[in-house]
Amino acid sequence: MKRPSDSDLVRTVALGAATLVAAAGARALSRTAWRRVRGRAPSDDPEMDEIPLSEAVLWAGVTGAAAVAARMLARRAVVRVLGESS
């Protein structure tokens with residue numbers, strides 16, 4: 001099996017780190033946007049029966065979309081800086 005080059009390892013670590021940072025930022029941004037639009041913080045446990053199903057599904061969509069978009073933007077930025085893998 002071929003040993004990965006140092007640049008491939010750096011790229012892999014950078015992609016992982018960027019993805020983690022993007023996920024944390026997306027969560028914070030989603031919570032802030034939810035608070036501004038809805039006037040209250042989102043539930044920490046949307047699976048609770050007290051939370052209406054429509055609200056739980058909406059929260060899942062908002063956070064999912066934000067996470068996917070943030071991940072894509074972060075990975076594109078890493079590729080732009082470090083280039084494509086060899």
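The values are calculated or read from the model by the stated rules, or taken from the named source; none is laboratory data. Everything quoted here is computed from the prediction, not taken from an experiment. Please note: Cβ atoms are built from the backbone with ideal geometry, for glycine as well, and neighbour counts cover all protein chains shown. To get the accessible areas, we keep the full protein, side chains included, count just its heavy atoms, and leave off ligands, DNA and RNA. Shrake-Rupley method; radii C 1.70, N 1.55, O 1.52, S 1.80 Å.
In table form, for the structure just shown:
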quantity	calculated
Cα centre as origin, Lys/Arg/Asp/Glu Cβ charges: the chain dipole, Debye	520 debye
Around GLU55: net Lys/Arg minus Asp/Glu count, Cβ-Cβ under 15 Å	-1
Accessible area in square angstrom per residue, region 1-73, 1.4 angstrom probe	74 Å²
For the chain: relative contact order, % (alpha-carbon pairs under 8 angstrom, 6 or more apart)	46 percent
Per-q log10 I(q)/I(0), the chain, q = 0.22 Å⁻¹ (Debye; single scatterer per alpha-carbon; no solvent)	-0.99
With every protein chain in place, the chain: carbon and sulfur % of accessible area (1.4 Å)	63 percent
